[in-house]
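The values are calculated or read from the model by the stated rules, or taken from the named source; none is laboratory data. Treat the numbers as computed from the prediction; the structure is a model and nothing was measured. Note that each Cβ is placed from the backbone with ideal geometry, even for glycine, and that neighbours are counted across all protein chains shown. Heavy atoms of the whole protein, side chains included, go into the accessibility calculation; ligands, DNA and RNA do not. Shrake-Rupley method; radii C 1.70, N 1.55, O 1.52, S 1.80 Å.
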Amino acid sequence: MKDFIKILVTVWLIPTLLLAQGKDPKAATKRVDVQIEQLKKEAIAAIDQRKDQAQQINDMLFSFAELGFQEEESFKYLTTLLEKEGFTIQRGIAGMPTAWIATWGSGKPVIAIGSDVDCIPKASQKPGVAYKDPIVEGAPGHGEGHNSGQALNIVAALTVKQLMEKNKLSGTLMLWPGVAEELLGSKAFYVRDGYFKNVDACIFTHVADNLSVSYGDAGYNGMISVKFSFEGQAAHAAAAPWRGRSALDAVELMNIGWNFRREHLELTQRSHYVISDGGDQPNVVPSKASVWYYFRERSYPKIVKLFETGIKVAEGAALMTDTKFTYEILGSAWPGHFNKPIASVMYQNIKQIGLPTWSADDQMLAKATQKELQSPKRTGLAVKLDSIGTPVASGPTVMMGGQSMVPLTGGSDDISDISWVVPTVVLLYPSNIPGLPGHHWSDAISMATPIAHKGVVAGAKVEAMTLLDMLLKPEIIEQAKAYYKDEQTKETKYTPLISSKEIPAIYLNKKIMAEFKPKLEKFYYDPSKYKTYLEQLGIKYPTLRDDQRADLEKKPTSGGK
């Protein structure tokens, strides 16, 4: 009888319990929203407290000025810093001595946070100086701004880590560097070797001149980087040239052949080359020579087709010169596709943070630099937020002759390979000056100044807020994965442009850094003695020539008599 009564009571209580549970989801959602907003406020305040740390990391990496695959000082500095903060470090991943992964936390979600670290050849430049003034003449420098992204990521990650510890939140943070991004030399290898296999989402950061994020096809070109090497026969260039077979002739004929072929290539292609080895001296017929090509296109099949055309042209050059040729793939990148659900959440945080408040000195440096470089844009730093980036038009246009083509684009980034294996977004943050050439010494001018420091802090706030959203709202990760599966990869499947045979070209830039590192070491930033790198270099901010300053101070005339 007692058991029967228990059953009746239980049955009677079920509707009440179900009704209560039916109300709980809304209440629980509200509680989570309140909790997230509170944590975001704490994160913003904490990042403001860490702004000196962000500035130090930014300026330190700027001073190292290391080219791709040779980021030795950056590697030691960043891994040591993160290890002291409790992160577990895997060093030398994917066969690259300067590559690493730093993880902290446990359980799901696993969120990867990455940014590049390498710099640009011959881009050495004193920060805060609005005209060409290298720190070391001819040396590498951060003429894109890759010194800033890890500063942003580390400050955001340490802030979120502190909040996770305090509030006992589960999840794993995974920090990593884009090694040799200018060579597109690492991320496809990270993917191939499985380092993103168990990752739920990825936030990548890249320097820009506004605070923004996009989703879908961002308009990147895919690319394959290939070195063609020719081998002939040496001979005395004057006494017995007929006994020689010039590998340099083969290189030059390949380049001539490619340039004639351009007229008959699709308009979407971008291709460019440098002669990386042209022989030793004029009186010796070069027995070895090489040329390094980047082949860019808007889709995997077209990249492969362009590359195959390059092989045919190389083969023709070898036949004409009676030489042999081989090729080596040095790097690759797919066209990118970025995640809409994560980008939408991130953009709400971007709107909340907004652009930094630029000082009159910040704007003066920007405008003087823009005029110095004859930029079409001379209005200084951005004061209005970009809208969220939507997919570029990807539908083919049928041209005369029946050829279909997609819209023209430009650069490439191997974050795209990661975007095809895990839901990914790229957070752009405002640390550079609008309207500059890119990959140029002038793009380094702002990168260890208050402009870069403010942009990094703004970006760190957005990233920390987005991390909190993903950690506390599982539905964001679920929606991100659904978009990845049902839209992004529904028809397009990722096929790597590298095979299991390729290895990272870690020998690249070794000679250049061996020459310049001893000269650059004298200028490494010492935060124990100087508050900023500008202070260490003795630079008054901003530094303009008299003519630049006078030109900016001119008042517009009103016209009339």
Cα-based Rg of the range 137-296 normalised by 2.2 N^0.38 Å, two decimals: 1.56
Relative packing of 373-379, 238-244, which averages over residues the other C-beta atoms within 10 Å, highest first: 373-379, 238-244
Amide H partners (placed H, <5 Å) of residue 447, local residues excluded: 128
Extreme residue, positive dipole direction of the range 430-561, given options 544, 504, 464 (C-beta unit charges): 544
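Just the accessible area per residue of the chain, please: how many Å² with a 1.4 Å probe?
Heavy-atom SASA per residue in the chain reads 46 Å².
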The range 402-487: equivalent-ellipsoid semi-axes (sqrt of 5 x gyration tensor eigenvalues, Cα, Å): 29, 25, 9
Positive-pole candidate from 433, 224, 65, dipole of the chain, charges at beta carbon: 433
DSSP bridge orientation in the chain - percent antiparallel, rounded to nearest 5: 70 percent
Positive-end residue of 415, 149, 28, charge dipole of the chain with Cβ unit charges: 28
Net charge dipole size for the chain [Lys, Arg +1 and Asp, Glu -1 on Cβ; Debye, nearest 20]: 1140 debye
When the convex hull of its Cα atoms is projected in every direction, mean area for the chain (nm²): 37.4 nm²
In order through the range 181-196: 3J(HN,Hα) via Karplus (6.51 cos²θ - 1.76 cosθ + 1.60), integer Hz, x for Gly, Pro: 5, 5, 9, 6, x, 10, 5, 5, 6, 4, 5, 4, 8, x, 6, 10
Principal axis dimensions, the range 456-553 - Cα atoms, whole angstrom, descending: 58, 41, 36
Per-residue ³J(HN,Hα) for the range 366-371, Karplus 6.51 cos²θ - 1.76 cosθ + 1.60, θ = phi - 60°, Hz, x for Gly and Pro: 5, 5, 5, 5, 4, 5
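For the range 458-545, which GluC sites (Glu not before Pro) pass both filters: DSSP loop (anything but H, G, I, E, B) and at most 12 other C-beta atoms within 10 Å?
491
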Hz values of 3J(HN,Hα) by residue in the range 151-164 - Karplus curve (6.51, -1.76, 1.60), Gly and Pro given as x: 4, 4, 5, 5, 5, 5, 5, 5, 5, 5, 4, 4, 5, 5
